[in-house]
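Just so you know, all these numbers are worked out from the coordinates, no wet-lab data involved. These numbers were taken from a predicted model, which means no experiment stands behind them. Methodologically, a virtual Cβ is constructed for each residue, glycine included, from the backbone with ideal geometry; neighbour enumeration extends over all protein chains shown.
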């Protein structure tokens, strides 16, 4: 028995080593650096709370975190609505596995390119002289170009939804495919309509998939800085943008303090989801 336990422990050592090297180690370094001091030209190994005090005493910090949470919430709402609709169609309206695979692969085609390419592709579409404004002007819907389509919070959220909807589709589709079809048939035989089945059976059984998709989408949006900077034209900021700006100014301890606070927010969200929904069944 002891030999079996020892063998099992040896088998997980590579995984533990990888986690320690690429996950736990970097997080530990970030936490340590967040307490260091710094000058304009160098880092000063020390233990000070200056970086955290400056964060919480600055009004800009609260505005930046508010923007980050706003982008995350709006992106989550729209990715959830679109992702749920797509997953529902694939799971319950496409009858054959072959067509489910084909249509699912079609959904992934935009994701065969990098995020930056897909994000920048919106600029000629939403710009002042872009495709949308030109089309609306030609058909007489508007008299002058709409300015807020690009370099605005709308453009940022639109880009996030485009980039990360698939991360919501996949886990929800997985949850839907696990639903026993006999339960749905029994509900129909009992007189339940499609909306009642959706509300009382499908959505509750999809909660683990929704939770996993939420973790993916919110974590990616909260840590992003490229999309916010490019699609807002520098008019909006997020925690990721602030960290990147501090990094560019060699203010690594201040950027590390931002990273620690952001990590805590994400961990609180994950802990809340783990307590409310049994994700182990889904994983």
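Observations on the structure shown:
- Sorted by Cβ density within 10 Å, fewest first, the residues 32, 132: 32, 132
- Hull volume in cubic angstrom per residue (convex hull over the Cα atoms of the stretch 95-183): 154 Å³
- Across the chain, Cα pairs under 8 Å and at least six residues apart give a relative contact order of 27 percent.
- Estimated 222 nm signal from helices in the chain, with DSSP H stretches of n ≥ 4 weighted -39500 (n - 2.57), rounded to 500: -21000 deg cm²/dmol
- Shape category assigned to the stretch 1-95 from the gyration tensor of Cα positions, a/c cut at 1.5: oblate
- Per residue Cα convex hull volume in Å³ - calculated over the stretch 171-283: 126 Å³
- If the convex hull is drawn through the Cα atoms of the stretch 35-90, its volume per residue in Å³: 136 Å³
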